[in-house]
Amino acid sequence: MMSTRALAKMIEAMNRHMPAKKRTLKDMLEDDDPSIKAKDGNEYIIEKKELEFIAEYIDEMDWSRFTVPILLEMNYLSGETVIFIRDRFHQEFLKKAFGFDRFVKDAMMIYPYEMQKVRKKLRTASQVIFKVSFK
């Protein structure tokens, strides 16, 4: 059986693609070649058309507060895989663009089949992170 510490290290390694620092939608829309630098040192290009799609659903006054990428937190709870979205601006966007409206406490919750819709439309502007609950 794998120790909790070993599992935590494995999850950390799986999340190395996460951004070292998020960027705002406004900043990225102004950039000719928008990209994000990841914790692993790689630079990931964000497709401009995806940013423009997001901008259609976000009030222009909020572009400087909306961060990219959209984080989809994959969890395995009670024998079921669920995805949480914790950022309030990301939640509002996903509700407007995809019609998702399921919440658990302060987090939006979607299922893997719903996440596929987001990932298909926002392949570069969304990222999946992995979390494990030890409870």
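Odds and ends about this structure:
- Set side by side, the residues LYS49, LYS37 differ, and just one is free of Cβ contacts under 8 Å to residues at least 12 places away in the same chain, under 15 Å from THR124 (Cα atoms) and basic (Lys, Arg), which is LYS49.
- Screening PRO112 with (1) closer than 25 Å to ALA55 by Cβ; (2) out of contact with any helix residue (DSSP H, G or I) (no Cβ under 6 Å at 6 or more places or on another chain) gives one miss only, at (1).
- Hey, MET74 surrounded by 13 or more Cβ atoms within 10 Å (Cβ to Cβ), within 13 Å of the chain's Cα centre (by Cα) and within 22 Å of ILE36 (Cα to Cα) or not: yes
- Any hit, segment 26-34, residues being part of a strand (DSSP E or B) and not aromatic (Phe, Trp, Tyr): no
Each value in this text was obtained by applying a stated rule to the coordinates, not by laboratory testing. What you see is a predicted model, and the numbers here were worked out from it, not measured in a lab. Cβ sites come from the backbone with ideal geometry, for glycine too, and all protein chains shown count toward neighbours.
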